[in-house]
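Taken together, the values in this text are just the output of simple stated rules run on the coordinates, not laboratory data. This is a predicted model, so every value here is computed, not measured. A quick note on method: Cβ atoms are made from the backbone with ideal geometry, for glycine too, and the neighbour counts reach across all protein chains shown.
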Amino acid sequence: MSAMRHLLGIGELGHDGLVRLLALTDHMVEVNSRPVPKVPALRGRTVVSLFYEDSTRTRLSFETAAKRLSADTMSFSVSTSSVNKGESLRDTIETITDMGVDAFVVRHKSSGVPWQIRQWTNAAIVNAGDGWHEHPTQALVDCYTVREALQRDRFDGLTLTIVGDVKHSRVARSNIAAFAMLGAKVVLVAPPTLLPPDIGHWPVEVAHRLDDVIGRTDVLYMLRLQSERMTQGHVPNLREYATYFGLDAGRVARLPEGAVIMHPGPMNRGVEMLVDPTALPNSLIHRQVANGVAVRMAVLYDLLVGESSSASLGEVA
Amino acid sequence: MASSRTQTTQVMSRSDVARAVTRIAHEIVERHSGLDGIVLVGLQRGGAWLAEDLGAALAAIEPAYAVPVGMIDVSMHRDDVGLRPIVPGAISRIDARIDDAIVVLVDDVLYTGRTVRAALEGLNTYGRPRAVQLAVLVDRGHRELPIRPDYVGKNLPTHRRDDVSATRDGVTVEVES
């Protein structure tokens, strides 16, 4: 079992890494079910969350994950930092590195920042979302949630339908890679303006009408329509978008028996979600949030309890 | 490096192991005048089969009382965390309430005592037992912590370099010659 050095993208993680982290998550789910959900595995290690972009669930789930493994946590919020005095990203990273940290959890609005930061520190880097590019821990959460709900390790024969703003979605990019790696067929449903131009190279099938594919969907993944997209002219208006791509009661009824519904949050009720997802028996949205902590525990454990970190303990049996 | 020649000696046969398990089961019943409040917790992975066999042996002695059998994976509680990574699938599972129970930790081989220390700490995340005891099939010595077993299948003096393997099929020692 070889541990990884960074978690940057699903491609770098690879199939074996993905499978290893999903198996490790089972152990963390058990820890979280204990009366005292805390283990000392990362005692003495420090995890910094560095969020240059807003986040509720990702940030809180990483911090909870670090604490449940007994790591010390530091939190950096741009609004109260020296970034306001003009400190560069590199200086911020090097300053925090000098304080002695073991991992950075990074979210940034620009694609590629986690790869860039890697050159400036010896600490492990976890990509918690970079621009439109990747959000690997969300993909791990989603794969784990489907694996748990459908009770299967491989996704061969499953169809994952991702609906909405694929173009601007790092969640979609990471999920397409991860689900395809586990054998699922991925279908994208979006207006042409919300599909990326390089889609020809992706392992996906494209549809422009949700109604064409909903009947053969096993996992329906609704993306959030970021409202600022409308002002940029990607969609004519929210009502039209909702009519063609929103999930309403009629479409829920047309899903095959046993199909499940997912959403990465935060949700736009009345736009992509026209039904109350809490009222749907086949919604996995709450499981996605609940599994977020366990998956991120597995990631931090794998990064920080690897062979490299154990070397400092010397050769003892 | 050490020479590649090794010699393997069998020190307990399959029936020796079965007899030792039965004897330990009787000792547990005798010490507690029954099985009320007893919970067995096997240490993943080596202690898992022994905890199951011990549970079956206890059920044969006192059929009226079903002793809960749980498993604990101590990887995340070790002081040398990282040297022994989590083994996928060897997940902790303790369904019984352990508050005020008498927990008997079960492992195949007792050596430095560090695994048992980790298990004692791990148990605290499930509750506060009334007492914790330790049952092992083989005590091979070389303790590094103040830990001693309450029930022992066999005391086996070994060298640190020896490799001890304990399964249902018997106990073997691999010695460098």
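Simple spin-label estimate for A:Asp212 and B:Arg45 gives 4.8 nm between the two label positions (7 Å along the Cα-to-Cβ direction from each Cα). Sorting the segments B:30-41, A:39-50 by their residues' average number of neighbouring beta-carbon atoms within 10 angstrom, most packed first, yields A:39-50, B:30-41. Between B:His142 and B:Tyr65, the contour length at 0.36 nm per residue exceeds the Cα-Cα span by 24.1 nm. Normalised by the number of residues in chain B, the mean separation of alpha-carbon contacts (under 8 Å, six or more apart) gives a relative contact order of 29 percent. Neighbour counting of Cβ atoms within 10 Å sorts the residues A:Leu21, A:Leu195, fewest neighbours leading, into A:Leu195, A:Leu21. When you filter the GluC sites (Glu not before Pro) in the range A:60-107 for DSSP loop state and at most 16 other Cβ atoms inside 10 Å of their Cβ, you are left with A:Glu87.
Computed over the range B:14-155, the alpha-carbon pair-distance distribution with 5 angstrom bins reads 2, 10, 21, 25, 21, 14, 5, 2, 0, each value a whole percent.
With the helix formula -39500 (n - 2.57) applied to DSSP H stretches of n ≥ 4, chain A reaches a computed 222 nm mean residue ellipticity of -11500 deg cm²/dmol. Residues A:Asp198, A:Asp165, A:Asp54 in ascending order of nearby Cβ atoms (within 10 Å, fewest first): A:Asp198, A:Asp54, A:Asp165. What translational diffusion coefficient, in µm²/s and rounded to a whole number, does the Stokes-Einstein relation yield for chain A at 25 °C and a viscosity of 0.890 mPa s, taking the hydrodynamic radius as the Kirkwood radius over Cα pairs? It diffuses with D of about 121 µm²/s by this estimate.
Per residue of B:116-127, count partner chain C-beta atoms within 10 Å of its C-beta, then hand back the mean as an integer.
For peptide B:116-127, the averaged partner shielding equals 2.
Just the number, please: percent antiparallel of the DSSP beta bridges in the protein assembly as shown, rounded to the nearest 5. Please report the intermediate quantities before stating the final value.
Values: 13 of 70 bridges.
Expressed as a percentage, antiparallel bridges in the protein assembly as shown total about 20.
Each label was represented as a point 7 Å from its Cα along the Cα-to-Cβ direction; for A:His286 and B:Ser15 these points are 5.8 nm apart.
Packing here is the average count of other Cβ atoms within 10 Å per residue, and on that basis the peptides B:157-163, A:139-145, highest first, run A:139-145, B:157-163. Where does helix B:48-61 land angle-wise versus the long Cα axis of chain B, in degrees 0 to 90, nearest 10? That helix lies at roughly 50 degrees to the long axis. Its DSSP H runs of at least 4 residues, each contributing -39,500 (n - 2.57), put the calculated 222 nm mean residue ellipticity of chain B at -8000 deg cm²/dmol, to the nearest 500. Within the shell defined by Cβ-Cβ distances under 14 Å, the residues around A:Asp130 carry a net charge of +2, with Lys and Arg each +1 and Asp and Glu each -1. Peptide B:71-83 has a mean shielding of 6, counted as Cβ atoms of other protein chains within 10 Å of each residue's Cβ. Secondary structure note: in chain B, about 35% of the DSSP beta bridges are antiparallel. The Cα-based radius of gyration and maximum Cα-Cα distance (Dmax) for the range A:124-277 are 14.6, 46 Å. Between A:Ala124, A:Ala71, A:Ala242, the Gaussian network model of chain A with springs among Cα atoms under 10 angstrom shows the greatest mean-square fluctuation at A:Ala242. Springs between Cα atoms under 10 Å define the GNM used for chain B, and in it the highest mean-square fluctuation of B:Val69, B:Val87, B:Val21 occurs at B:Val87.
Note on A:35-45: average number of Cβ atoms from other chains within 10 Å of each residue's Cβ is 4. The modelled label-to-label distance for the pair A:Asp198/B:Asp36, using points 7 Å beyond Cα in the direction of Cβ, is 7.1 nm.
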